[in-house]
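A quick write-up on the structure given underneath.
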Amino acid sequence: MDLAALLAARGGERYELHARHLNPQLPRMLHTIGFDKTYERAAGAYFYDAEGNEYLDMLAGFGIFALGRHHPVVRDAVQQVMDLDLPDLTRFDCPPLPGLLAEELLALAPGMDRVFFGNSGTEAVETALKFARYATGRKRVLFCDHAFHGLTTGSLSVNGESGFRKGFDPLLPDTAIPLGDLAALQRELRKGDVAALIVEPIQGKGVHAPPPGWLSAAQALLHEHKALLICDEVQTGIGRTGAFFAYQDEDGVQPDLVCAAKALSGGYVPIGATLGKNWIFEKVYSSMDRVLVHSASFGSNAQAMAAGLATLKVMKDERVVENARAVGDLLRSRLAALTEKYELLAEVRGRGLMIGIEFGRPKSLKLRTGWTALQAARKGLFAQMVVVPLLQRHRILTQVSGDHLEVIKLIPPLIITEREVDRFVDAFCDVMDDAHRGSGLMWDFGKTLVKQAVGSR
């Protein structure tokens, strides 16, 4: 099979193929906002189109490509494991690679004792929900408003975004509380039926963190009521925030279960991991009769384990976590300084290389007129107006951090340097200068978005 020849012959049909055979709204959306690019290859923190133009990736596949694309160490490890012709997934042996990866992962998460390997973040969350419910004998799980924990039925039950949940009811018996609200947590715990609270140490939607000390206080309340703390580190984990896991930035926090995925893959082979306390695993797998009570068909496959081992090696050898903290601090501070210059820029927040840029209502009458028109049509349109010229004019890929939010989220590869910081800040300033002139291509594009938003109601 000649894949290069197949792609050369049919690659130009990519948008038509998706429109015809896959999600029909994806190509429609990409065409609408001008994101219908044709990327030919990728390396590190960059994409390249057929003309050789370089695009800076500040999205990293929603956090998957922490090491950038096609890191040679991870690529070599995956190639090696395929060349070894291992007897993978026999089901009736104990291959060494899962044990070795678990050993390395647990060494980076003191207090965790065991790991279950699945294939994705949502599977890691499903595992944590099942284990928490079984270990406590309770059924209800608490989650936070605006949380995102996945889209399968269990993880959707603890998803705080109504747009994802709508039409898929009934879901599991779970309850939302405001992020950072200890009183609300205590009220629910007093009912005596709560198995766990699942929380992102920094929420992906909007890039919001709870107040300092809230996570440790929540943990104390949970344990007082014999409930568990689940930290969803699918996006925040594996170095993203400048610590290996984001919960490690707060003294005294020791989750009962931790969910990881995305970056652990090295960008090559899907993987999910649920880390947990020994007593929880021993209760779930309490006898030989229960040896397969929870499993995953492709979990612990050799390619994924090799990619995970290589990823952790690169993280250590190249000091990737330290780079994420240092470069993230630089990028965030330079962007935060711009709030004095641009009245449309309300706040810059985050930790490490997980940064939220929030826009807000301007003071000047001229800018307020345009802002008000956009808000009336659909909240979130101004952030989209910034994202589009960043790609079209500056070849920088970013994302709006959730529906109806005036927030751009930056989650670039953790290997970026001051060079990429300079490029992004310069481009961002150019786009914001255009916006603050109150005219030009940005506001023309905004008018187009308004028409589309009104027309789609």
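Key figures for this structure:
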{"read-out": "Close pairs (9 angstrom Cβ cut-off, 6 or more residues apart or separate chains): farther than 19 Å from Ile416 by Cα in the range 335-362, part of a helix (DSSP H, G or I) and among the acidic types (Asp, Glu) anywhere", "value": "Tyr342/Asp433"}
{"read-out": "Cβ-Cβ under 8 Å pairs, at least 6 apart or on other chains, the range 239-252 side more than 21 Å from Glu318 (Cα to Cα) and acidic (Asp, Glu), far side open to solvent by 10 Å² or more (accessible area, probe 1.4 Å) and assigned to a helix (DSSP H, G or I)", "value": "Glu250/Ser216; Asp251/Ser216"}
{"read-out": "Pick from the range 90-101, criterion of a type in the set (A, V, I, L, M, F, W, C) and over 9 Å from Leu309 (Cα atoms), ranking: most open to solvent (accessible area, probe 1.4 Å)", "value": "Phe92"}
{"read-out": "Evaluation of Val320 against (1) in contact with a strand residue (DSSP E or B) (Cβ under 6 Å, 6 or more places away or on another chain); (2) among the aliphatic types (A, V, I, L, M); (3) at pLDDT 95 or above (one fails), failing number", "value": "(1)"}
{"read-out": "Close pairs (7 angstrom Cβ cut-off, 6 or more residues apart or separate chains): acidic (Asp, Glu) in the range 147-168, open to solvent by 60 Å² or more (accessible area, probe 1.4 Å) anywhere", "value": "Glu161/His146; Glu161/Phe148"}
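Okay, residues lined up against (1) exposed (fewer than 15 other Cβ atoms within 10 Å of the Cβ); (2) modelled with pLDDT of 95 or more; (3) on the phi > 0 side of the Ramachandran plot; (4) not hydrophobic (A, V, I, L, M, F, W, C):
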{"site": "Gly11", "(1), (2), (3), (4)": "yes, no, no, yes"}
{"site": "Met29", "(1), (2), (3), (4)": "yes, no, no, no"}
{"site": "Gly34", "(1), (2), (3), (4)": "yes, no, yes, yes"}
{"site": "Thr38", "(1), (2), (3), (4)": "yes, no, no, yes"}
{"site": "Ala43", "(1), (2), (3), (4)": "yes, yes, no, no"}
{"site": "Asp57", "(1), (2), (3), (4)": "no, yes, no, yes"}
{"site": "Phe65", "(1), (2), (3), (4)": "no, yes, no, no"}
{"site": "His70", "(1), (2), (3), (4)": "no, yes, yes, yes"}
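The values are calculated or read from the model by the stated rules, or taken from the named source; none is laboratory data. From a predicted model like this one, the values you see are computed outputs, not experimental measurements. With ideal geometry, Cβ positions are generated from the backbone for all residues, glycine too; neighbour counts draw on all protein chains shown. Remember, those area values only see protein heavy atoms, side chains included, never the ligands or the DNA or RNA. Shrake-Rupley method; radii C 1.70, N 1.55, O 1.52, S 1.80 Å.
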